[in-house]
1. What are the pairs with Cβ atoms under 7 angstrom where one residue, in the range 123-151, is free of Cβ contacts under 8 Å to residues at least 60 places away in the same chain and farther than 23 Å from Ser171 by Cβ and the other, located anywhere, is β-branched (Val, Ile, Thr) and part of a helix (DSSP H, G or I)? Sequence gap at least six, or different chains.
2. Quick one: which of Leu74, Leu81, Leu148 is modelled with pLDDT under 95 and crowded, with 17+ Cβ neighbours inside 10 Å?
3. Search the range 23-59 for residues being more than 20 Å from Gly211 (Cα to Cα) and either basic (Lys, Arg) or within 17 Å of the chain's Cα centre (by Cα) (or both), and hand back the single one that is modelled with the lowest pLDDT.
4. For the range 23-46, what are the residues that are among the basic types (Lys, Arg) and surrounded by 13 or more Cβ atoms within 10 Å (Cβ to Cβ)?
5. Do we have any residue at all in the range 114-122 that's surrounded by fewer than 18 Cβ atoms within 10 Å (Cβ to Cβ) and either closer than 22 Å to Met215 by Cβ or of a type in the set (S, T, N, Q) (or both)?
6. If a residue must be more than 23 Å from Asp17 (Cβ to Cβ) and not hydrophobic (A, V, I, L, M, F, W, C), how many such residues does the range 147-180 contain?
7. Select from the range 10-22 the residues that are surrounded by fewer than 18 Cβ atoms within 10 Å (Cβ to Cβ) and not charged (D, E, K, R) and write down the one among them that is farthest from the chain's Cα centre (by Cα).
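The values are calculated or read from the model by the stated rules, or taken from the named source; none is laboratory data. Owing to the predicted nature of the structure, the values given are computational and were not obtained by experimental measurement. Here the Cβ positions follow ideal geometry from the backbone for every residue, glycine too, while neighbour counts run over all protein chains shown.
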Amino acid sequence: MADWITGRVKARKTWSDNLFSLVVDAEVAPFKAGQFTKLALHTDEKKVARAYSYVNAPGQSPEFYLITIPEGQLTPYLAGLKEGDELLVQRTATGFLTLDEVPPGRDLWLMATGTGVGPFVSILAEGGCWDHFENIVLVHGVRFADELGYRRRIAELTEGRKGFQYIPFVSREHADGALPGRITHAIRDGSLERKTGLPFTPEHSRVMLCGNPQMVRDTITELKTKGLQKHLRRKPGQILMENYW
């Protein structure tokens with residue numbers, strides 16, 4: 001049985017028409033950066049619960065990056081919450097998109113679409129990644145520039161880190177400082193490797209993927225052409241993934 005606790009909204013931020021973040025006051029159990037938990041509400045008929053990744057580093061107030069799905073059963077309710085409002089939080093986190101699952105390597109690629117950037121912000125905030133990799137590249141793909149959530153926090157967390165690169169992609173409008181198009185196309189034509197100066201190789205590259213299932217599938221397909229394979233505990237590889245909308 002899930003260990004549900006009552007949390008209270010401590011702060012909220014609106015990024016765009018359908019993107020927002022909630023900071024919650026809740027006594028959650030210790031977790032690893034990159035893991036997720038569940039948020040829920042009670043309706044008259046049932047409890048509606050969905051999984052969301054922590055954006056914060058372990059030990060900080062729980063924070064979640066959310067997209068409103070108009071026909072959804074939960075996100076329209078969460079979008080309406082204000083400071084002081086209550087919500088249910090699953091106390092214990094889960095998930096394997098964590099640094100301790102990544103085999104040793106030289107270059108860590110963090111690739112996300114939309115709200116899938118959340119667990120990578122948590123990993124950067126926790127800070128252990130800097131001890132294990134020479135180069136870290138965060139690639140974030142969105143449709144419109146105002147969907148590049150956490151851009152400022154990413155800059156603050158990585159200030160002075162010489163081995164870090166942030167590569168945003170905006171597919172449906174021109175945006176200063178961002179590349180046009182999709183992440184998968186930039187892997188296919190080699191432009192992402194040229195931009196970063198880091199080739200994809202089985203020896204050096206370790207890739208963590210988090211985003212919509214189509215992006216995850218397509219990115220894995222492109223990376224396989226570079227010789228990379230999905231990582232399994234019984235069969236070590238270079239790619240770890242999590243589907244996340």
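1. Going by the 7 Å Cβ cut-off, the qualifying pairs are Leu124/Ile154; Leu124/Thr158; Cys129/Ile123.
2. Details: Leu81 fails: modelled with pLDDT under 95; Leu148 fails: modelled with pLDDT under 95.
Being modelled with pLDDT under 95 and crowded, with 17+ Cβ neighbours inside 10 Å holds for just one of Leu74, Leu81, Leu148, which is Leu74.
3. Filtering the range 23-59 for residues more than 20 Å from Gly211 (Cα to Cα) gives 23-31, 40-48, 58-59.
Next cut, either basic (Lys, Arg) or within 17 Å of the chain's Cα centre (by Cα) (or both) only: 23, 31, 46-47, 58.
Numbers: Val23: 98, Phe31: 98, Lys46: 80, Lys47: 87, Pro58: 97.
Restricting to residues being more than 20 Å from Gly211 (Cα to Cα) and either basic (Lys, Arg) or within 17 Å of the chain's Cα centre (by Cα) (or both), the top hit is Lys46.
4. Our first condition is that a residue be among the basic types (Lys, Arg); within the range 23-46, this holds for 32, 38, 46.
Correct list: Lys32, Lys38.
5. Looking only at the range 114-122, we keep the residues that are surrounded by fewer than 18 Cβ atoms within 10 Å (Cβ to Cβ), and these are none.
Checked against the condition, which is being surrounded by fewer than 18 Cβ atoms within 10 Å (Cβ to Cβ) and either closer than 22 Å to Met215 by Cβ or of a type in the set (S, T, N, Q) (or both), the range 114-122 yields no hits at all.
6. So the answer is 9.
7. It comes out as Ala11.
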